[in-house]
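Trainee: The structure under discussion is supplied below as structure tokens; questions concerning it will follow.
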Amino acid sequence: MKKTFKVSNLFFVTFIMSLIFSCNNSKYSDAKIESKARNIVKELSQEDINVFKNWKFEYHGKGEIWRKIKNNRVDFRAYYYKENDSTSFMIYPKHLKSTEYPILVDFDTSKIKSNIWLTKLKNGQIRISPSFKIIGDSIRREKYLETEIYGNKNPFNDLQKLSSLINKCGIVSVSHNEYVGGFIQFYLTYEDVLTFVPDNLIINPIYGNVWKDNIESGVMINKNWNLRKLEQPIHPIQRK
């Protein structure tokens, strides 16, 4: 069983107040970024924030990578791509049977040797990309009705909502690791990080000092939000 501790209300208040008064680092993000961060804090509801307790996001080329996390494991991973008249996502064969979005069509995944593209056309039909490397007839048809593929719950709707949310805020990446702590990191750029600090903060003691140093290197916007600039920018997957 992992060892974590829950910060009491008194300790939490003391912890945050100490950070507010200790964040004197002149290297935190510039005024323009701070203004953007404050706008995001106003825009994101608690419901929006809770979404990212279970979803991770980053850009890849012209598309978006979304990972649904369950029990600290990736249950569903999709490369989401939008065009004028269609939306598509690419998944691994193993994620056809994810617990979150189990596909209803019976595919023999042992015969599918590459990733799988599913495209929602303007008429609502779902097209399965013909470029698969398959053996035999593991995929019998090219086009399906939406309800045939995913029933009433399908990833197209959820991915569209997620994509709209990050585009509204202008976020380039979001990460959260329950094992490490209850923080959610919203990357405004690849070196400016807006961190959500929940009231019911849970920290893995192994990483306690690391998080304290991270938070102290930035500025507290309010008791739940911290903005900091990384010493070394992360290396994004190049957008084309």
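The values are calculated or read from the model by the stated rules, or taken from the named source; none is laboratory data. Worth saying up front: this structure is predicted, and the values here are computed from it rather than measured. Neighbour counts are summed over all protein chains in view; Cβ atoms, including those assigned to glycine, are modelled from backbone coordinates with ideal geometry. The protein model used for the area step is the full one, side chains on, heavy atoms only, and it has no ligands, DNA or RNA in it. Shrake-Rupley method; radii C 1.70, N 1.55, O 1.52, S 1.80 Å.
Trainee: Inside the range 168-222, can you point out the residues that are of a type in the set (S, T, Y) and either under 16 Å from I49 (Cα atoms) or within 20 Å of the chain's Cα centre (by Cα) (or both)?
Mentor: S173, S175, Y179, Y187, T189, Y190, T195
Trainee: Right, something else. Just for the range 201-229: of the residues that are at pLDDT 80 or above and assigned to a loop (DSSP other than H, G, I, E, B), which one is least open to solvent (accessible area, probe 1.4 Å)?
Mentor: Ranking the qualifying residues of the range 201-229, first place goes to G218.
Trainee: Considering the range 124-145 alone, what residues qualify as being open to solvent by less than 40 Å² (accessible area, probe 1.4 Å) and either in contact with a Leu (Cβ under 9 Å, 6 or more places away or on another chain) or modelled with pLDDT of 65 or more (or both)?
Mentor: Scanning the range 124-145 gives G124, I126, I128, S129, Y144.
Trainee: Go through the range 142-186 and count every residue that is of a type in the set (D, E) and more than 20 Å from I126 (Cβ to Cβ).
Mentor: 1
Trainee: Of all the strands (runs of 3 or more DSSP E) wholly in the range 59-102, which have at least 2 residues that are over 16 Å from Y150 (Cα atoms) and charged (D, E, K, R)?
Mentor: Qualifying strands (runs of 3 or more DSSP E): 63-70, 73-82.
Trainee: Which residues, counting only those in the range 17-38, are surrounded by 12 or more Cβ atoms within 10 Å (Cβ to Cβ) and modelled with pLDDT of 85 or more?
Mentor: Within the range 17-38, I33, E34, K36, A37, R38 qualify.
Trainee: May I ask you to verify whether E47 is outside any loop (DSSP other than H, G, I, E, B), surrounded by 12 or more Cβ atoms within 10 Å (Cβ to Cβ) and at pLDDT 90 or above?
Mentor: Criteria not met by E47.
Trainee: I'd like to know if the range 207-214 contains one or more residues that are under 29 Å from S86 (Cβ atoms) and among the β-branched types (V, I, T).
Mentor: no
Trainee: Further question: Only one of these is open to solvent by 80 Å² or more (accessible area, probe 1.4 Å) and at pLDDT below 50: K3, K82. Name it.
Mentor: K3
Trainee: Has the range 168-191 got any residue that is at pLDDT 85 or above, of a type in the set (F, W, Y) and surrounded by fewer than 17 Cβ atoms within 10 Å (Cβ to Cβ)?
Mentor: Yes, some residue in the range 168-191 is at pLDDT 85 or above, of a type in the set (F, W, Y) and surrounded by fewer than 17 Cβ atoms within 10 Å (Cβ to Cβ).
Trainee: On the given criteria, is V197 touching a residue at least 60 places away in the same chain (Cβ under 8 Å) and closer than 22 Å to K68 by Cβ?
Mentor: So V197 fails the test.
Trainee: Exactly one condition in (1) among the small types (G, A, S); (2) at pLDDT 85 or above; (3) in a loop (DSSP other than H, G, I, E, B) is not met by S163; state its number.
Mentor: Going through the list (1) among the small types (G, A, S); (2) at pLDDT 85 or above; (3) in a loop (DSSP other than H, G, I, E, B), S163 breaks only (3).
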